[in-house]
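The values are calculated or read from the model by the stated rules, or taken from the named source; none is laboratory data. This one's a predicted model, so the numbers in the text were calculated from it and none came from an experiment. Ideal geometry is used to build each Cβ from the backbone, glycine not excepted, and the neighbour counts take in all protein chains shown. These accessible areas exclude ligands, DNA and RNA; they are computed on the full protein's heavy atoms, side chains included. Shrake-Rupley method; radii C 1.70, N 1.55, O 1.52, S 1.80 Å.
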Amino acid sequence: MNRETHRAYKFDWIIIVLFLILVGFGWLNIMSASHVGEIESYFDMSQLYGKHLVFLGLTFVLIVLILSVEAKFYERFASIIYIVAMLALVGLFIFGKDVNGARSWYGIGSMTIQPSEFAKFATALAIAKYMSDLQTNMNTLKDQLRAVAIIIVPAFLILLQNDAGSTLVYASFFFVFYREGLQQIYLGIALSTIILAVLGLKFGVLVTAIIAAVVIFGIYFFRRKKKSLSIVQSIVILLICISFSSGVKLFYEHVLKAHQQNRISLWLRLEKDPAKLEQMKKEEAYNLIQSEQAISSGGWTGKGFLQGTRTTGKFVPEQHTDYIFSTVGEEWGFLGSTLVVILFMGLIIRVLFLAESQKSQFSRVYGYGVASILFIHFTINTGMVMGLIPTVGIPLPFFSYGGSGLWGFTILLFIFVKLDSNKINEW
């Protein structure tokens, strides 16, 4: 057995098996969410599950191609792949097709391709390439800003396409930065801004200012012997908190569109007028309410495959895409939903475990990028369909219907599988 043949058996089969289970179970739920009447053929191209089966077939061809390419190719050409992905995003403003108010697709005959799904793995490669450069030091502000610029470019282009959900995914790279040496203070600032934004919208600027003052001056008085904060610094931080909270309020009221305001208002229970609240629920929260009812109706064990009354009755709009998890809840119940959570967590933890074992910093950083993207997607999507976070359009990896999403996540994951298989040759 020569060296190349021996290396072919070094692919991580735990990741591969988890992937196969997820895409297989995902297809079953797409069938439940999209079928009409009796299922006469799994290859019925007039049905979404028939089309998705074709996407799955092409996915396996894609996997073979990814695993056939030399591992060093992905590091060597990471910058070029990133540039091509960014050009594809820019091209949407000229040649793109509007779908549901977002200019995020290229129309190719009867098919559509969404470049933002492929920009994720391209950005992960670019970040890995930059951070593994010997001249990059994440403890310096200059290199931190350059790394942030790599993720801001695709995030900004996607935001301009009116796809806020996909834009949020790029925040996941801050987990990667933290692993590679970014100071803890940045995570503290990020968490503080989220808390301030929520408090400012929920309770107003005055209450937020009082809470911030209590916390800041509490830290000052309890830690003044360690001189962690001076009184001047405490006052400056308080003023920054008040300014930020006021800015969030103004952004919410004057920049966000009406439907975006309504989604946040429903999430934080901001609306006090019962009549207006009921109207908002009918318009903006209809999908969420139907999703919650579908999930809760499944009970412990679910109603059974193809037996979900709310699913077959098409009560949940977009159930085959963003709301696919509600199908799991109704037909497979709490136990089936828990299994899906375990599968995703198992996949993410496995990727993190293998990322830590990499000899190459490029492979390690890319592995953390893969895990972070999958985690953010999974967390936001499942939280959205259960009403734990505001509604945003974001698919569930390997589950939601669509060729672009499935192929994008497949490329993202299997590039890491290839890089991991080559670690025995890294020095």
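Classify the range 150-189: rounded, prolate or oblate, from the alpha-carbon gyration tensor (a ≥ b ≥ c, eigenvalue square roots; a/c under 1.5 rounded; otherwise prolate if a/b is larger than b/c)? Cα axes put the range 150-189 in the prolate bin. Amide H contacts of residue 47 (H built 1.01 Å from N, in plane; Pro and chain starts excluded): no residue 5 or more places away or on another chain comes under 5 Å.
Pick from 171, 71, 209: which residue has the top mean-square fluctuation in a GNM of the chain where Cα pairs under 10 Å get a spring? It is 209. Translational diffusion of the range 29-149 was estimated from the Stokes-Einstein equation, with Rh taken as the Kirkwood radius over Cα pairs; at 37 °C and 0.692 mPa s the coefficient is 186 µm²/s. Based on the Stokes-Einstein relation at 4 °C and a viscosity of 1.567 mPa s, and on the Kirkwood radius from alpha carbon pairs, the range 282-373 is assigned a translational diffusion coefficient of 87 µm²/s. Between residue 353 and residue 207, the simple label model (points 7 Å from Cα in the Cβ direction) yields a spacing of 4.5 nm. The alpha carbon radius of gyration of the range 333-393, expressed as a multiple of 2.2 N^0.38 Å, is 1.33.
Relative contact order, whole percent, for the range 370-413 stands at 32, derived from Cα pairs under 8 Å and 6 or more residues apart. Residues whose amide H lies under 5 Å from that of residue 302, counting only those 5 or more places away or on a different chain, are 333, 334; hydrogens are built 1.01 Å from N in the peptide plane.
3J(HN,Hα) along the range 193-206, derived from phi through the Karplus expression 6.51 cos²θ - 1.76 cosθ + 1.60 where θ = phi - 60°, amounts to 5, 5, 4, 4, 5, 5, 4, x, 6, 6, 10, x, 5, 4 Hz, with x in place of Gly and Pro. In sequence order, the range 367-384 has phi-based couplings of x, 5, x, 4, 4, 5, 5, 4, 5, 5, 4, 5, 5, 5, 5, 5, x, 5 Hz under the Karplus curve 6.51 cos²θ - 1.76 cosθ + 1.60, θ = phi - 60°, and Gly or Pro positions carry x. Past 27 Å, Cα to Cα: identify those pairs from 97/303; 10/359; 51/97, in the order given. Checking Cα-Cα distances, 97/303 exceed 27 Å. For the chain, a simple Cβ point-charge model (Lys and Arg +1, Asp and Glu -1, everything else neutral) yields a dipole of about 1520 debye relative to the Cα centre. Solvent exposure of the chain amounts to 50 Å² per residue of accessible area, where only protein heavy atoms count and the probe is 1.4 Å. Translational diffusion of the range 120-265 was estimated from the Stokes-Einstein equation, with Rh taken as the Kirkwood radius over Cα pairs; at 25 °C and 0.890 mPa s the coefficient is 139 µm²/s. Express the relative contact order of the chain as a whole percentage, based on alpha carbon pairs under 8 Å and six or more residues apart in sequence. Averaging sequence separation for qualifying contacts and normalising by length gives 25 percent for the chain. Each residue was assigned an accessible area with a 1.4 Å probe, and for residue 105 the value is about 50 Å².
Judged by the mean number of other Cβ atoms found within 10 Å, the most tightly packed of the peptides 354-365, 117-128 leads the ranking 117-128, 354-365.
Using only Cα atoms, figure out Rg for the range 297-427 and give it as a multiple of 2.2 N^0.38 Å.
On the way: Rg = 17.0 Å, N = 131, 2.2 N^0.38 = 14.0 Å.
Ratio of Cα Rg to 2.2 N^0.38 Å: 1.21.
Whole-Hz Karplus values for the range 64-69 come out as 4, 5, 4, 6, 7, 6 Hz, taken residue by residue from phi with 6.51 cos²θ - 1.76 cosθ + 1.60 and θ = phi - 60°; glycine and proline positions read x. Distant-in-sequence amide contacts of residue 104, defined by a placed amide H-H separation under 5 Å and a gap of 5 or more residues or a different chain, comprise 97, 99.
With one equal scatterer per alpha carbon and no solvent term, the Debye-computed log10 I(q)/I(0) for the range 373-427 at 0.15, 0.19, 0.22, 0.23 1/Å reads -0.53, -0.70, -0.82, -0.86.
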